[in-house]
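Trainee: Before I ask anything, let me first share the structure, which is written out below as structure tokens.
The values are calculated or read from the model by the stated rules, or taken from the named source; none is laboratory data. Because the structure is a prediction, the values reported are computed rather than measured. Please note: Cβ atoms are built from the backbone with ideal geometry, for glycine as well, and neighbour counts cover all protein chains shown. With ligands, DNA and RNA removed, areas are computed over all heavy atoms of the protein, side chains included. Shrake-Rupley method; radii C 1.70, N 1.55, O 1.52, S 1.80 Å.
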Amino acid sequence: MTIKNYPMNAIAKTDCIILKLPKSNFLNMLSTNRELMFTIFRHLSDRLFDKYVMLFNNSSTDPVSKIKSLMDYYKDSSLKQNPYSYTVPLTRQQIANLTGLRVETVIRTIKKMAQEKILKLDGRTIFY
């Protein structure tokens, strides 16, 4: 069996403890705790859905379409559906990372979207 590097990384926002389990112990834990197993399945399903939406979104070449699709996706999971009622919880850099655009393109496009009244800017905060 070859060991492969994981294609993701993470940065903790608070102090935390990371537990490393052998695969056999992890599988045993899942088999003895069905609620935990279904919780992990639910999170895995959500992540796969997110990846599919972003893959479909990134096939567009128009930056406005990419950014609008990303914001639609985030806003759809919110209770706030009125225009400009949803505060986008992403930085310009995070939007660039998620859409495959350069941060400069994101900044220009967001300003353009504000001029076209697709979204509203209040300082650095984006309302959609």
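Trainee: Arg124: net charge of surrounding residues, Cβ under 13 Å, Lys/Arg +1, Asp/Glu -1, itself excluded?
Mentor: Taking every Cβ under 13 Å from that of Arg124, the sum is +2.
Trainee: Turning to a different aspect of this structure: Filter the chain for me: DSSP H helices, axial length by Cα at least 20 angstrom, mean Kyte-Doolittle hydropathy not below -0.5. List them by residue number.
Mentor: 34-57
Trainee: Loop only by DSSP, 16 or fewer other Cβ within 10 Å of the Cβ. Give me the trypsin sites (Lys or Arg not before Pro) in region 18-127 that pass, ordered by residue number.
Mentor: Those satisfying the criteria are Lys20, Lys80, Arg102, Lys117, Arg124.
Trainee: Please report the spacing between the Cα centers of region 76-108 and region 36-65 in Å, no decimals.
Mentor: Here the two parts' Cα centres lie 15 Å apart.
Trainee: For Ser65, tell me the accessible area in Å² from a 1.4 Å probe, rounded to the nearest 10.
Mentor: 50 Å²
Trainee: Which percent of the Cα-Cα distances in region 9-128 go past 25 Å?
Mentor: 40 percent
Trainee: Next question. Set the bar at 31 Å for Cα to Cα. Now go through Lys13/Lys68; Lys20/Lys75; Lys75/Lys112; Lys23/Lys51; Lys80/Lys111 and name every pair that lies beyond it.
Mentor: Listed pairs above 31 Å: Lys20/Lys75.
Trainee: Carbon and sulfur: what percent of the chain's accessible surface (1.4 Å probe)?
Mentor: 58 percent
Trainee: Below 8 Å between Cα atoms, with a sequence gap of 6+, how large is the relative contact order for region 1-106 in percent?
Mentor: Normalised by residue count, the contact order of region 1-106 is 18 percent.
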